[in-house]
1. Tally up the residues in region 86-111 that are in a loop (DSSP other than H, G, I, E, B) and over 17 Å from L34 (Cβ atoms), please.
2. If the requirement is being open to solvent by 20 Å² or more (accessible area, probe 1.4 Å) and more than 21 Å from I304 (Cβ to Cβ), which of these qualifies: A198, A178, A156?
3. Part of a helix (DSSP H, G or I) and modelled with pLDDT of 95 or more: is that true of L324 in this structure?
4. Give all pairs with beta carbons closer than 7 Å in which a residue from region 360-385 that is aliphatic (A, V, I, L, M) meets a residue that is part of a loop (DSSP other than H, G, I, E, B) and surrounded by fewer than 17 Cβ atoms within 10 Å (Cβ to Cβ); count only pairs at least 6 apart in sequence or on separate chains.
5. State whether the residues of region 330-339 include one that is touching a residue at least 40 places away in the same chain (Cβ under 8 Å), closer than 17 Å to H22 by Cβ and assigned to a helix (DSSP H, G or I).
6. So which residues in region 28-41 are open to solvent by 50 Å² or more (accessible area, probe 1.4 Å) and either of a type outside the set (D, E, K, R) or modelled with pLDDT under 95 (or both), if there are any at all?
7. Using the structure shown, decide if G299 is touching a residue at least 40 places away in the same chain (Cβ under 8 Å), loosely packed, with under 12 Cβ neighbours inside 10 Å and out of contact with any Lys or Arg (no Cβ under 7 Å at 6 or more places or on another chain).
Amino acid sequence: NVRESHERWLLPDGLDEILPPHGEQYEHLRRRLLDLFSSWGYDLVVPPLIEYIESLLTGLGNDLDLQTFKLTDLESGRMLGVRADMTPQVARIDAHQLRSLGPTRLCYVGTVLRTRRDGPDSTRRPVQVGAELYGHSGLESDAEVIRLMLAMLQTAGIENAHLDIGNAAIFLALSDAAALSTDTREAVFNALQRKAGADVRSLVADSGAVSSRLVDAFEALTVLNGPVETLDLARDALNGVSAEVVQAVEKLARLADILMAQGVEVHVDLAELRGYRYHPGVVFAAFVPGEGQEVARGGRYDNIGEAFGRARPATGFSSDMRTLLRVANRAPQPSDKVFVPWFASDRRAALIDQLRSEGRRVVAALSESDDDPTLHDCSHTVDWSDTDPRVVAVSASTEHGV
C-alpha cells in the first residue's frame with residue numbers, strides 16, 4: 001500500500017527534526033551560548049530525559065501535568081514522566097545533589113517533550129536553554145539573570161529585543177485583598193493578559209463584596225505598561241490598597257533602577273503575569289517586534305527546592321533554541337569543505353590528516369569514480385596536477401598552497 005509506505009516516514013504533528021545545513025547552525029549557537037554562560041560563572045548540568053513523575057511535577061512542575069508524557073517503569077513499577085520543562089530538574093539538582101551553602105549558578109540546554117503545542121506553528125519538542133541562580137534573594141541576582149538573558153539574545157543575533165519587567169506579587173496581593181476565589185483569580189488573570197479592562201472590572205466587581213477602590217486597582221493593571229516612568233503612575237493608582245501592593249511596586253522600582261544603572265533599557269508591564277503561579281515575585285520577558293510571543297522569559301521562584309528537602313531562593317530564565325534561530329533569521333553559512341580526490345599515493349592519507357589537523361572539514365573520495373566535489377557539497381578540492389598538491393576553490397580561481 002503506497003499510502004501506508006508513505007506514512008511510515010511521517011512524524012507526529014508538532015514533532016520535527018533539524019536537518020543540514022541547519023543542524024550545524026544549531027550546534028554552533030549551542031556552543032556559543034554555553035561559552036557565554038560559562039563566562040558568567042554558570043556551570044552546565046545535564047539532567048536525564050525521563051524521571052519519576054513526582055520530581056517533574058513538584059512545585060514549579062504542577063502546571064505541567066497535562067503537558068507531560070507519562071509511562072510506567074518496568075523495573076520499579078513506578079510512574080515516569082518525559083520532561084516538559086527542565087527547570088524542576090535543575091532545582092532538584094541544586095537542592096538534593098549539590099547542596100551548596102552559597103549562591104549556585106547553573107545552566108542547561110536540552111530537548112523537552114510536550115503533549116500539546118502552544119500554538120498552530122509551535123513545536124512539541126522545544127530545545128530549552130536557560131540559566132538559574134540559587135541561594136540569593138536580593139534584587140542583584142534578578143538583575144544578573146536578566147542581563148544574562150539579554151546577552152544570550154545578543155549572542156544569538158537578536159539585537160532588537162526589548163525587556164518587560166513586572167511583579168506578580170502585585171496581582172497576588174490584590175487578589176488576596178479582594179478574597180478572589182481560585183476560578184475568579186484565573187479568569188481575571190486571563191483578562192489581564194488581553195488587557196481587557198472592562199472584563200477585569202466586571203469579573204472583580206461581580207466576585208463579591210469588593211470595594212470600588214480594589215476594582216479600580218485591578219482595572220489599572222491593564223494600562224500600567226510603558227516606560228519606567230509608568231511606576232510613578234502605579235504608585236498613584238495603587239497607593240493605599242494594601243501594604244503588600246506598595247512594597248511590591250517599590251521593589252520593582254528598585255530593580256528598574258539597578259538595571260538602568262547597568263545600561264539596560266527597561267519597560268514596565270504590571271499585567272505581565274504569565275507564570276504567576278510559580279513566579280510569585282519579579283517576572284520578566286523579552287519581546288521582538290513582529291513576534292506574538294516572548295522570545296525568552298523568566299522570574300523569581302523562591303522555595304522551589306522545598307519539595308526536595310531544601311528550600312532555596314531562586315531566579316532564572318529560559319528560551320527555545322529553535323525560536324532563537326528563527327527570530328535571528330541568520331542564513332546558514334556556506335559549506336567550507338575540502339574534497340580530496342582518489343589518488344594512489346602514500347601522501348594522500350598524510351595530506352588528509354594535515355588538512356583536518358588545521359581545522360579544515362575534509363571529505364575523502366572513496367573510489368576513482370567518486371570524482372565530483374559538488375555531490376559532497378564541497379567548496380574546495382585538491383589539485384594534484386603539480387608536484388605539490390594545492391587546495392583550490394571548486395568554482396573560482398582563488399588558490400593557495402597546502
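1. 5
2. Values: A178 fails: open to solvent by 20 Å² or more (accessible area, probe 1.4 Å); A156 fails: open to solvent by 20 Å² or more (accessible area, probe 1.4 Å).
That would be A198, the only listed residue that is open to solvent by 20 Å² or more (accessible area, probe 1.4 Å) and more than 21 Å from I304 (Cβ to Cβ).
3. Yes; evaluated as a whole, the condition is true for this residue.
4. If the second residue must be part of a loop (DSSP other than H, G, I, E, B) and surrounded by fewer than 17 Cβ atoms within 10 Å (Cβ to Cβ), the pairs left are A365/W342; A365/D371.
5. Checked against the condition, which is being touching a residue at least 40 places away in the same chain (Cβ under 8 Å), closer than 17 Å to H22 by Cβ and assigned to a helix (DSSP H, G or I), region 330-339 yields no hits at all.
6. Looking only at region 28-41, we keep the residues that are open to solvent by 50 Å² or more (accessible area, probe 1.4 Å), and these are 28, 30-32, 35, 38-40.
Scanning region 28-41 gives H28, S38, S39, W40.
7. Numbers: touching a residue at least 40 places away in the same chain (Cβ under 8 Å): yes; loosely packed, with under 12 Cβ neighbours inside 10 Å: no; out of contact with any Lys or Arg (no Cβ under 7 Å at 6 or more places or on another chain): yes.
Taking the combined requirement at face value, the residue does not satisfy it.
One line per residue, one yes/no per condition, for (1) basic (K, R); (2) open to solvent by less than 40 Å² (accessible area, probe 1.4 Å); (3) more than 14 Å from the chain's Cα centre (by Cα):
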| position | (1), (2), (3) |
| --- | --- |
| T87 | no, yes, no |
| I93 | no, yes, yes |
| Q97 | no, no, yes |
| R105 | yes, no, yes |
| R114 | yes, no, yes |
| R125 | yes, no, no |
| G130 | no, yes, no |
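The values are calculated or read from the model by the stated rules, or taken from the named source; none is laboratory data. Note that the coordinates shown come from a computational prediction; the quantities given were computed from them, not determined experimentally. Neighbour counts are summed over all protein chains in view; Cβ atoms, including those assigned to glycine, are modelled from backbone coordinates with ideal geometry. Please note that ligands, DNA and RNA were not included when accessible areas were found on the heavy atoms of the full protein model with its side chains. Shrake-Rupley method; radii C 1.70, N 1.55, O 1.52, S 1.80 Å.
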